[in-house]
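Since the structure comes first, as structure tokens, the remarks are kept for the end.
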Amino acid sequence: MSNPIRIAGLTLRYLAPLLLIVFGVVAARALAAQRTAPPKVEAPPSTTPVETVTAALEDHTWTLPTYGTVRALREVTLRPTVTGPVTGIHPNLIAGGRVAAGDVLVRIDPRDYELGVASARANLATAEADLEVERGNQAVARRELELLAGEIELDADERRLALREPIVAQREAAVETARTQLSQAELDLERCNIVAPFDAVVTSETVETGAFLGAGNDVCTLVATETFVVEVSVPRDQLAGLAPVGAAASVWPTDAASAPRAGRLARLLPEVDGEGRTARIQVEVDAPLAPGAGGDASPLLLSSFARVELPLQPVTAAIALPRAALREGPRVWLVDDEGRLEFRDVTVHLRGAERFLVTEGLVGGERVITSTIGAPVPSMRVAPIDPNTGAPDAGTPERAPWAAPAAAPLDADGTGEADDEEDGR
């Protein structure tokens with residue numbers, strides 16, 4: 001027979017843990033039923049700080065920066081048309097020497113040609129004397145015909161021969177030939193002096209005193225110093241935006257610290273560049289080797305590179321913005337009236353190294369974002385800040401009315417696209 005005490009011990013041994021678990025569950029439910037939920041608080045919306053500029057509608061005058069090569073506007077290689085030994089040369093007839101228009105650069109021994117002039121003058125005097133004698137003979141023949149007028153009859157040809165008209169014509173032709181020969185001899189004598197056709201600098205010379213010059217031998221090469229040209233290349237789609245011929249341009253030598261020299265837009269060359277297929281334009285610079293105004297402008301040397309700012313047609317009613325505000329598209333980011341991000345496609349008229357001009361898509365007074373946003377999403381909250389202090393920038397001027405667009409778009413830096421680093425992409 002089982003012991004009651006043992007049975008009670010075994011029962012407590014197995015039932016006590018179960019009772020403890022049930023008691024704990026009941027107590028936990030009771031405590032949970034008495035708990036009060038904490039008040040629900042919504043997190044504030046996330047706002048991204050951005051730097052902005054205010055769009056302003058204004059008139060603008062821009063230039064197109066480009067580079068080119070300095071070339072001669074007028075260049076000539078002098079060659080003699082007479083032959084003979086050289087008896088004298090100009091002291092500045094050396095490379096780099098400066099000569100003035102009319103200066104005698106090379107003198108060829110003139111003695112042979114002086115003799116030729118004397119001989120031609122003698123021939124002319126002889127021919128004129130022969131003509132005078134023959135005209136006297138003609139006068140005698142005419143008098144004789146008058147005396148025989150009633151005794152003989154002559155036709156027209158016979159009368160011409162009787163009056164010695166063919167012989168007179170021959171003598172007159174001989175006089176004209178003698179005069180022509182004299183003019184040629186005098187011209188040859190004049191050509192013994194090879195003169196400078198304009199104010200010039202000597203770029204090369206190949207003659208010395210005592211040398212014998214033949215007709216057609218090179219003597220020297222001259223470049224006119226009155227005007228040089230800078231030949232620059234411009235994309236063909238930008239030609240429509242250039243100012244008219246004669247407009248002022250600025251030119252800087254690239255190999256020296258210098259003030260700009262005054263130039264002018266001269267001409268469009270009739271063929272494109274062989275490599276880049278770009279249009280070629282010449283800018284004229286007067287007195288390129290002389291010191292500039294105030295003496296602070298370096299000379300323009302032939303074949304050197306120069307920086308040129310070509311004048312563009314004025315743009316009216318456009319908005320200038322920093323290049324950092326231009327996004328791919330072309331597009332800009334705006335802060336709307338509710339402080340949210342807005343994407344806006346725009347029409348870019350000109351693009352420079354630091355700014356670009358917008359002619360459509362914006363109105364004056366709108367806030368354009370210039371800083372970058374890591375993951376831009378339309379309508380996300382943004383907060384304009386002062387780029388210098390980082391403090392909130394709340395003021396937004398009233399928007400100005402829009403105006404009609406200006407000329408066809410050009411790219412003032414010649415690239416046609418905005419820089420990736422500045423696009424905020």
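The values are calculated or read from the model by the stated rules, or taken from the named source; none is laboratory data. As the structure is a prediction and not an experimental result, all values here were calculated from the model. Here the Cβ is made from the backbone with ideal geometry for all residues, glycine too, and neighbour counts use every protein chain on show. Heads up: the accessible areas ignore ligands, DNA and RNA and are worked out on the full protein's heavy atoms, side chains in. Shrake-Rupley method; radii C 1.70, N 1.55, O 1.52, S 1.80 Å.
Quick notes on this structure:
- Helix 165-190 axis, angle to the chain major axis (alpha carbon atoms, nearest 10°): 50 degrees
- Residue (of ALA33, LEU310, TRP252) at the positive-pole extreme of the chain, dipole from beta-carbon charges: ALA33
- Taking every DSSP bridge with both residues inside the chain, close to 95 percent are antiparallel.
- With a simple spin-label model that places each label point 7 Å from the Cα along the Cα-to-Cβ direction, the separation between ASN193 and ALA28 comes to 12.6 nm.
- Estimated purely from DSSP H runs of n ≥ 4, each contributing -39500 (n - 2.57), the mean residue ellipticity at 222 nm for the chain is -8500 deg cm²/dmol once divided by its residues.
- With every protein chain in place, the chain: carbon and sulfur % of accessible area (1.4 Å): 54 percent
- Stretching the chain fully between GLU226 and THR180 yields a gain of 12.8 nm (0.36 nm per residue, less the alpha carbon separation).
- Rounded tilt (10° steps) of 4-34 against the dominant C-alpha axis of the chain: 50 degrees
- Label zone at LEU145, where the point sits 7 Å out along the Cα-to-Cβ direction: segment 160-186 residues whose backbone N lies under 13 Å: 160-168
- Mean accessible surface per residue for segment 169-320, computed with a 1.4 Å probe while every protein chain stays in place, in Å²: 49 Å²
- Expected-Rg normalisation [2.2 N^0.38 Å, Cα atoms] applied to segment 179-269: 1.76
- Gain on full stretching of the segment that runs from ARG344 to GLU165 - 0.36 nm per residue minus C-alpha separation: 54.6 nm
- Label point at ASP112 placed 7 Å out along Cα→Cβ; residues across segment 158-196 whose backbone nitrogen lies under 20 Å: 181-195
- Cα-based helix-to-principal-axis angle, 111-147 vs the chain, degrees rounded to 10: 50 degrees
- Computed E for ALA125/ALA247 - FRET, C-beta separation, R0 60 angstrom, nearest 0.05: 0.45
- If the Kirkwood radius is taken over C-alpha pairs of the chain, then at 37 °C and 0.692 mPa s the Stokes-Einstein diffusion coefficient equals 103 µm²/s.
- Per-residue packing, averaged as other Cβ atoms within 10 Å, sorts the ranges 351-364, 261-274 into the order 351-364, 261-274, beginning with the highest.
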